[in-house]
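Read the structure below first, then the notes.
The values are calculated or read from the model by the stated rules, or taken from the named source; none is laboratory data. Predicted model, so just to flag it, every value in this text is computed and none were measured. We place every Cβ from the backbone using ideal geometry, glycine too, and count neighbours over all the protein chains shown.
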Amino acid sequence: MPATKNLCAQIDLDLHQKISEAREQTGQTTSQYITDLLTEYFKMKENGGNEIMTNGKTRTLAFQIDETLFQRIKDHLVRESTRLGRNFTQREFVIGLIEQALAEAESDAQGGPDASPAGPSEAPEGPDEVPSLPVPLGS
């Protein structure tokens, strides 16, 4: 085992709570979790911030949208965050919509019981229309 040294820091209580919850989900000790977290951070820094993008596990999906639609989405995120009692992120929202649409399309492609012909004509008509929100996991 490599030589170790203690690292101690005073942090905000909310941040401490987030770290504790995330650590508990991994089943790691605090030492293991913080070591992994810091190791990942420095690897990411060494790679110019591209560690997540280069490990083959995630990819970036980016696109531009109309300012009005963007503001409507932001307003929706605020409402959902209030309703859920936690921060509902843009990432959660978009991934939820994509997963819902893919599940429906895959079900239709397999001739599922609720299969109905779906086509581009069923997409939102204008740039300001926001599809209905899927129920977030864990709520």
Among residues belonging to segment 40-57 that are part of a loop (DSSP other than H, G, I, E, B) and of a type outside the set (Lys, Arg), point out the one that is modelled with the highest pLDDT. Asn47
Being in contact with a Leu (Cβ under 8 Å, 6 or more places away or on another chain) and either assigned to a loop (DSSP other than H, G, I, E, B) or of a type in the set (Gly, Ala, Ser) (or both) is the filter here, so list the residues in segment 70-115 that pass it. Phe88, Thr89, Gly96
Restricting attention to segment 79-124, report how many residues are modelled with pLDDT under 90 and of a type in the set (Lys, Arg). 2
Out of Thr60, Thr68, I need the residue that is modelled with pLDDT of 70 or more, in contact with a helix residue (DSSP H, G or I) (Cβ under 8 Å, 6 or more places away or on another chain) and hydroxyl-bearing (Ser, Thr, Tyr). Which one? Thr60
